[in-house]
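Single-structure report; data block below.
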């Protein structure tokens, strides 16, 4: 190639006005992926994968760099969208080119290079205002110190796993508890990027305290999620077809397999570290969205509200698919509320992210479609006949809903046939109706029933055993328990609680009451904010749209509380976190109005927000379990190797070995018993899914059963019984099993029983 | 070029971005060092790396088809396996005992040296004195809490 021809080719790909930094970054990415056994290069690859694909997509969509700097969550959202689409294409095209395992490092690297080159070509006409420099995202180096907090969390989790105490974990929690009020007071003096780093660092640090415990994934749903991811990574390919919802979610299959292939290392790290690192942009997005309408202080308080919730830092790291989906949801909301975007760019971005959301998580997608449609309907109704200036542009919202609905119809039906969850919900509603206030008693008011929720007197272990044995006898005649099971000597008994003893009962009680009061006040303010902003006459159309979204969020939340059918089908705490994205901003906006009304006094702002931040600290103390070592109670997994959480969801190497031995030793025709939490080990470490019974009671155990006894069963002698009034702590029936079953496998802390 | 002037020249180039470069450089060096033997040892000493788990798996290899009764000869061929989940060879002292009565009666014992991630299958012909309805054989490993058991119906009751 001559020099002139080379220059012409180079200009076509990289015009002079656009610096070719992306080419250098791509070269570094390629080198990093090629040599990803080196930790340093792994870190570089992870960083570049989070930034570079997004950078190029956003430029191709003509999203101005300044908009991205003001709403950084666009970047990881766009990168996720590019990686999912690229990996899916590689997965589909690979077999046509005789690449039978396309989800491996080299095919993925080729696909990524082609995709990034294509995106760069699409964006090559863009002016420099669309060119985002990585350095713009950092600002002053001094602002990076909060990123040390996640490192301390990783160290804290490792030390706790090694039995070295919880001092580091307590330091992280105290740091976050102090950061909330201090940053609230100083927020208006801090740079917005500085606050973003504080929120990102503290949010990620809190999540890692839980997610980095153990060498395996921690939580409930994440066990089955990890299995599907692991299978995809092991097979090196993902297929369309009749799939269960988890298999059909690309956030659990194609994307993590791709990240694992490109970054290297153990696949479990993608869920334990990678996904929380992406989801930590969620509170940052709340803050940056808030700054579009509010002062920096109010926006920070809104984000701090999210960070202080256990739903955010304890529950979400245990639900990988929703971590990613909520990040994308934040990206969609950010784009829909972004007045700095041209209409075509806004619609383009929303469409890309909408389609990505659909393949990430079903429920979040359904809720987002509902929010967009309901909010559009509400604002159309509220601005009917109003001055044109006051009308709100709902077109992008309707387009977003339409794109998501169409993508969902294609993906969930012909592509993957994975509508089992929605058809089950529809069937339940068809059969039992919406079950409005199912816990409402005769003569009880609606409000009382609403606030009391579902109440049932707790069952005793014996009631539970009788109830399940009756059910088994009626519906599972193939299960034949031993006649000795009816011996009263083997009746189930309650296990002692695992909580730490109350050291300061009075303080514990005051803290519990304060936490409850604060949490209810937070909820009440959020609802009030939603009503005020959606219905008030003053204010910009955009703030009214935020109000409308808040109001419909509240309606959706209330519906899930009122309807037993909806509550059963979707966990309301997860719905709460999605709705909190906007409700937290409205809550902070309510305080902002109050401060503005009293602006003649300079101290009012810091005082009002300072008080609110102290409320958040009280909520955080309760949610994080920080007070437990002092006052007693049930210690969280992030702080202790004892307590309910540890007994329930902490997997050990012995449990992994036992589960894998069981899977290899059993015949295909078999009945397995593993209790409510024991089944999670089978889900994470084996492909045992069918014919698993969770009721380990003498009267329900088949005489030819294989019984998986977890560490909690074997060492702590406790098991669990699931009842309609909750999960019961029960003594493991060792006496019965030891007497009538052989112990065919043992590690000392786990066992397998079989006759 | 003297060392002094060389460092001065490097300083002039680096100064505009010195903080960022310094931090990136330090991080890079830390990550590179952590992956070496010294780094791993330092992480372990600080309690920051999880030690590789080490335990024994004790099991019946033919768990699907274990005998449910003792042969009339009172002799039984007992097969059990010891798997060493660890990074070094381990010597296990095991014993088979009759756990039926109040006194745990040792029937046979032995020692197995099992390599890292290796398995040793032990086969022993043992005589069980089965006078009641059932006998329980217990296989255990010294200094480990692993134990497996086998219930056998006595010949006179089958």
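Nothing in this text is a laboratory measurement; each read-out follows from the coordinates by a stated rule. It should be emphasised that the depicted structure is a prediction, and the values quoted were computed from it without experimental measurement. Cβ sites come from the backbone with ideal geometry, for glycine too, and all protein chains shown count toward neighbours.
Here is how the numbers come out for the structure above:
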| read-out | value |
| --- | --- |
| Additional length obtainable on full extension of the chain from residue A:125 to residue A:507, 0.36 nm per residue less Cα span | 131.1 nm |
| Burial order of peptide ranges A:293-301, A:721-729, A:151-159, B:76-84 (average beta-carbon count within 10 Å, highest first) | A:293-301, A:151-159, B:76-84, A:721-729 |
| Potential lengthening between residue A:413 and residue A:602 on full extension [0.36 nm per residue; Cα-Cα distance subtracted] | 62.2 nm |
| Mean Cα-pair separation over length for segment A:1-138, i.e. relative contact order, pairs under 8 Å, 6 or more apart, % | 32 |
| Other protein chain Cβ atoms within 10 Å, averaged over every residue that makes up B:145-153 | 5 |
| Chain B: relative contact order in percent, alpha carbon pairs under 8 Å with at least 6 residues between | 21 |
| Rough spin-label spacing in nm, given labels placed 7 Å along Cα→Cβ, for residue A:431 and residue B:27 | 5.3 |
| Label-to-label distance, nm, for residues given as residue B:43 and residue A:398 (7 Å Cα→Cβ offset) | 5.5 |
| Efficiency of FRET between residue B:134 and residue A:493 - r from beta-carbon atoms, R0 22 angstrom, step 0.05 | 0.30 |
| Ranked packing of A:373-380, B:116-123, most packed first, by mean Cβ within 10 Å | A:373-380, B:116-123 |
| Overall form of segment A:638-735 per C-alpha gyration tensor (a/c, 1.5; a/b vs b/c) | oblate |
| Over segment A:118-173: Rg over Rh, Cα atoms, Kirkwood Rh | 1.35 |
| Convex hull per residue volume in Å³, alpha carbons only, for segment A:331-424 | 97 |
| 13 Å cut-off, amide nitrogen to a point 7 angstrom out along residue A:370 Cα→Cβ, residues in segment A:536-559 | A:552-559 |
| Kirkwood-based shape ratio for segment B:55-157, expressed as Rg/Rh from alpha carbons | 1.00 |
| Average beta-carbon neighbours from other chains, 10 Å sphere, peptide A:226-232 | 0 |
| Tilt relative to chain A, helix A:167-186 - C-alpha long axis, 0 to 90 degrees, to 10 | 40 |
| Within 10 Å of each Cβ in A:738-744, the average number of Cβ atoms from other chains | 6 |
| Coordinate range along principal axes, alpha carbons of the protein assembly as shown, Å, largest first | 97, 88, 56 |
| Computed E for residue A:689/residue A:483 - FRET, C-beta separation, R0 30 angstrom, nearest 0.05 | 0.45 |
| Rough spin-label spacing in nm, given labels placed 7 Å along Cα→Cβ, for residue A:135 and residue B:142 | 6.9 |
| Spin-label proximity, residue A:594 to segment A:510-528 - amide N less than 15 Å from point 7 Å beyond Cα toward beta carbon | A:518-528 |
| Helix A:395-410 vs. chain A, principal-axis angle (Cα, 0 to 90°, nearest 10) | 40 |
| In degrees, nearest ten, helix B:18-34 long axis to first principal axis of chain B (Cα) | 30 |
| Pair-distance profile P(r), taking every C-alpha pair of segment A:505-631, with 10 angstrom steps and integer % | 12, 33, 33, 17, 4, 0 |
| Chain A, relative contact order [Cα under 8 Å, separation at least 6], % | 14 |
| Cα-derived Rg over Rh, computed across segment A:97-207 with Rh taken as Kirkwood radius | 1.17 |
| Sequence ranges B:32-44, A:571-583, ranked by mean other-Cβ count within 10 angstrom, highest first | A:571-583, B:32-44 |
| Paramagnetic label zone (point 7 Å from Cα along Cα-to-C-beta, residue A:634; backbone N under 17 Å) in segment A:573-617 | A:573-574 |
| Cα extents of segment A:1-138 along the three principal axes, largest first (Å) | 42, 41, 28 |
